[in-house]
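Colleague: One structure, as structure tokens, below. Some questions next.
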Amino acid sequence: MTLVVDMVCGVLILIGSIFALGAAVGVVRMPDVYIRMHAATKAGTLGSGLILLAVGLSSGDFGVLVRALAAVVFLIITAPVAAHLLGRAAYISGVKTWEGTVLDELEGRYDPFTHELAATQPPEQPRAAPEHRDD
């Protein structure tokens, strides 16, 4: 049984390390803060979670496994919130997007003084053609 657990833990650590490496490469290679943050959040959370799970399994102690699982859940819950707050802070402080960015949905809608979204109007619905009646 212990050989199977050791093999599973080794595979989890290997996969988690690959994801963590991918997150690190993404942080170094991506062109702007928003894309870097995306790479770090997604791959970094998955890599850290898999490594924590492997450590919890390899310990052989149920208490350590439960704490490792609690840490994984905490990472999964807090990483998107932290990324959102960092992205919002970057946008508020005026960090520019990459020149290849196609769409900025906040452009022209975000008040830099109150940090609130301007009221939006619903998109216009196409008008139906009037019905023609032959009476």
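Colleague: Going through segment 22-39 one residue at a time, which ones are free of Cβ contacts under 8 Å to residues at least 24 places away in the same chain and either loosely packed, with under 14 Cβ neighbours inside 10 Å or assigned to a helix (DSSP H, G or I) (or both)?
Modeller: Step one: filter segment 22-39 for residues free of Cβ contacts under 8 Å to residues at least 24 places away in the same chain, giving 24-30, 36, 39.
ALA24, VAL25, GLY26, VAL27, VAL28, ARG29, ARG36, ALA39, listed by residue number.
Colleague: Kindly indicate whether any position in segment 118-128 is at pLDDT 90 or above and either open to solvent by less than 60 Å² (accessible area, probe 1.4 Å) or assigned to a helix (DSSP H, G or I) (or both).
Modeller: No, segment 118-128 contains no residue that is at pLDDT 90 or above and either open to solvent by less than 60 Å² (accessible area, probe 1.4 Å) or assigned to a helix (DSSP H, G or I) (or both).
Listed here are the residues, each with its yes/no results for (1) β-branched (Val, Ile, Thr); (2) open to solvent by 90 Å² or more (accessible area, probe 1.4 Å).
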{"position": "GLY63", "(1), (2)": "no, no"}
{"position": "ARG67", "(1), (2)": "no, yes"}
{"position": "ILE76", "(1), (2)": "yes, yes"}
{"position": "ALA89", "(1), (2)": "no, no"}
{"position": "TRP98", "(1), (2)": "no, yes"}
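Colleague: Can LEU50 be described as modelled with pLDDT of 95 or more, of a type outside the set (Val, Ile, Thr) and in contact with a helix residue (DSSP H, G or I) (Cβ under 6 Å, 6 or more places away or on another chain)? Quick ask: steps written out before the conclusion?
Modeller: Numbers: modelled with pLDDT of 95 or more: yes; of a type outside the set (Val, Ile, Thr): yes; in contact with a helix residue (DSSP H, G or I) (Cβ under 6 Å, 6 or more places away or on another chain): yes.
Judged against the criteria, LEU50 is a match.
Colleague: Continuing with the same structure: Taking interchain pairs and intrachain pairs at least six residues apart, which have beta carbon atoms under 8 angstrom, with the first residue in segment 1-16 and farther than 8 Å from ALA54 by Cβ and modelled with pLDDT under 95 and the second polar (S, T, N, Q) and open to solvent by 50 Å² or more (accessible area, probe 1.4 Å)?
Modeller: Short answer, once both residue conditions are applied: VAL5/SER58; ASP6/SER58.
Colleague: Answer yes if at least one residue in segment 95-102 is assigned to a helix (DSSP H, G or I) and without any contact (Cβ under 8 Å) to a residue 60 or more places away in the chain, and no otherwise.
Modeller: Step one: list which residues in segment 95-102 are assigned to a helix (DSSP H, G or I), which gives none.
No, segment 95-102 contains no residue that is assigned to a helix (DSSP H, G or I) and without any contact (Cβ under 8 Å) to a residue 60 or more places away in the chain.
The values are calculated or read from the model by the stated rules, or taken from the named source; none is laboratory data. Please read all numbers here as calculations on a predicted model, not as lab measurements. Quick reminder, even Gly has a Cβ in these numbers, built from the backbone with ideal geometry, and neighbours come from all protein chains shown. All accessible areas refer to the heavy atoms of the entire protein, side chains included, with ligands and DNA or RNA removed. Shrake-Rupley method; radii C 1.70, N 1.55, O 1.52, S 1.80 Å.
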